[in-house]
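Asks: This structure is in structure tokens; I'll ask about it shortly.
The values are calculated or read from the model by the stated rules, or taken from the named source; none is laboratory data. Worth saying up front: this structure is predicted, and the values here are computed from it rather than measured. As a convention, Cβ positions derive from the backbone with ideal geometry for all residues, glycine included, and neighbour counts pool all protein chains shown.
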Amino acid sequence: MNSPTREALPAVDSGRPHAASTARHARKSVWTQRWLLSPAVISLLLWSVVPLLMTIYFSVTRYNLLSPDESGFVGLDNYRFLWSDPSFLPSIANTLLLTGSVLLISVVGGVLLAVLFDQEFFGRGIARLLVIAPFFVMPTVSALIWKNMLLHPVYGLLAAAMHALGLQPVDWLGQYPMFSIIMIVSWQWLPFAFLILLTAIQSLDPEQKEAAQIDGAGPFSMFFYIVLPHLKRAIGVVVMIETIFLLSIFAEIYTTTAGGPGTATTTLSFLIYSMGLQQFDVGMASTGGILAVVLANIVSVFLVRMLASNLKGENEQ
């Protein structure tokens, strides 16, 4: 009896050569990506880290462009001198006052405008264009418009209106300088908050609002219990982005009040400019720059934590 013929089975491919080839290709791809990204990363480091290191170096040296021969290492003396400078603490207070006031006006005004423009009314498109127009005006141009066309005590529109009412015109930039700066900057940043908040409010589910109306919710209940909680994340984004820019406001102050009268509108950024480009004291200006970075980071950490807690609360819900 013939034994059954055994057919040869094909050898099973272990896959090791293919896996090794795939791993080599992946490593090569990673290194290629790193090489392609390295010029941008190096440029970014040179653009940010090198100036920061130079600022730290100059902050611990005595270096005035008017007397370069007297340069030398002074340690923390610049920080002590800046802390004892009568303009330093007022500049910090003015910076925080300006930032907080503009945030309050832009967020509250942005929410109200977003709720208004979420409704249908005649001429809404043109009105929306007029509301967002100030955001596209250069800060220096905006400050000049306010200074010469609106707030001027003789030729300004407000002065003309007060004359027409039989009232004495007000020198806004002289008598109420910080209030005037707050109005100018708020006029520029209100459109930004409005756009972000309007986009957020239009993403609200219409069925949710219809269900609330069916349940008998009035306009105020609708706003406080549905619209406002929905805008919480957008408000956090507005506050974070605006704060980053508001801490370094300079052009509006330089164009209108030049930090005065006295130190009434001197912010930290304007104080740094004054030390560096008016007094030519590079050491003290660098010290102010380091303190400005520290202040900005403290505020940023607070804002990031606030936004993270809001997001965490929404996810838990």
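Asks: In the list 240, 275, which residue meets the criterion of being in contact with a strand residue (DSSP E or B) (Cβ under 8 Å, 6 or more places away or on another chain) and within 26 Å of residue 52 (Cβ to Cβ)? Please lay out each step first, then the result.
Replies: On the way: 240 fails: in contact with a strand residue (DSSP E or B) (Cβ under 8 Å, 6 or more places away or on another chain).
Result: 275 is the single residue among 240, 275 that is in contact with a strand residue (DSSP E or B) (Cβ under 8 Å, 6 or more places away or on another chain) and within 26 Å of residue 52 (Cβ to Cβ).
Asks: Right, another one. Does segment 277-286 include one or more residues that are assigned to a helix (DSSP H, G or I), under 18 Å from residue 78 (Cβ atoms) and either without any contact (Cβ under 8 Å) to a residue 12 or more places away in the chain or of a type in the set (Lys, Arg) (or both)?
Replies: Step one: of segment 277-286, the residues assigned to a helix (DSSP H, G or I) are 277-278, 282-286.
Of the ones still in play, those that are also under 18 Å from residue 78 (Cβ atoms) are 277-278, 282-286.
When the remaining residues are screened for being either without any contact (Cβ under 8 Å) to a residue 12 or more places away in the chain or of a type in the set (Lys, Arg) (or both), the result is 277-278.
Yes, segment 277-286 contains a residue that is assigned to a helix (DSSP H, G or I), under 18 Å from residue 78 (Cβ atoms) and either without any contact (Cβ under 8 Å) to a residue 12 or more places away in the chain or of a type in the set (Lys, Arg) (or both).
Asks: Sticking with this one: Give me the helices (runs of 4 or more DSSP H) completely within segment 49-165, filtered to those with at least 1 residues that are under 25 Å from residue 181 (Cβ atoms) and in contact with a Leu (Cβ under 8 Å, 6 or more places away or on another chain), ordered by residue number.
Replies: Of the helices (runs of 4 or more DSSP H) lying wholly inside segment 49-165, those with at least 1 residues that are under 25 Å from residue 181 (Cβ atoms) and in contact with a Leu (Cβ under 8 Å, 6 or more places away or on another chain) span 77-84, 88-117, 124-132, 157-164.
Asks: Check off (1) at pLDDT 90 or above; (2) farther than 21 Å from residue 100 by Cα; (3) surrounded by 12 or more Cβ atoms within 10 Å (Cβ to Cβ); (4) touching a helix residue (DSSP H, G or I) at 6+ places or on another chain (Cβ under 9 Å) for residue 280 and give me the number that stays unchecked.
Replies: Of the numbered conditions (1) at pLDDT 90 or above; (2) farther than 21 Å from residue 100 by Cα; (3) surrounded by 12 or more Cβ atoms within 10 Å (Cβ to Cβ); (4) touching a helix residue (DSSP H, G or I) at 6+ places or on another chain (Cβ under 9 Å), the odd one out for residue 280 is (4).
Asks: Scan 214, 244, 184, 253 and give me the residue that is among the β-branched types (Val, Ile, Thr), free of Cβ contacts under 8 Å to residues at least 24 places away in the same chain and either under 30 Å from residue 298 (Cα atoms) or surrounded by fewer than 14 Cβ atoms within 10 Å (Cβ to Cβ) (or both).
Replies: Details: 244 fails: free of Cβ contacts under 8 Å to residues at least 24 places away in the same chain; 184 fails: free of Cβ contacts under 8 Å to residues at least 24 places away in the same chain; 253 fails: free of Cβ contacts under 8 Å to residues at least 24 places away in the same chain.
It is 214.
Asks: Same structure again: Only residues that are surrounded by 10 or more Cβ atoms within 10 Å (Cβ to Cβ) and out of contact with any Gly (no Cβ under 8 Å at 6 or more places or on another chain): list them for segment 54-70, please. Before you say what the answer is, go through the steps one by one.
Replies: Filtering segment 54-70 for residues surrounded by 10 or more Cβ atoms within 10 Å (Cβ to Cβ) gives 54-65, 67-68.
Matches in segment 54-70: 54, 56, 57, 65, 67, 68.
Asks: Next up: Being under 20 Å from the mean Cα position of the chain (by Cα) and either surrounded by 13 or more Cβ atoms within 10 Å (Cβ to Cβ) or within 23 Å of residue 255 (Cα to Cα) (or both): is that true of residue 159 here?
Replies: Values: under 20 Å from the mean Cα position of the chain (by Cα): no; either surrounded by 13 or more Cβ atoms within 10 Å (Cβ to Cβ) or within 23 Å of residue 255 (Cα to Cα) (or both): yes.
No, not satisfied.
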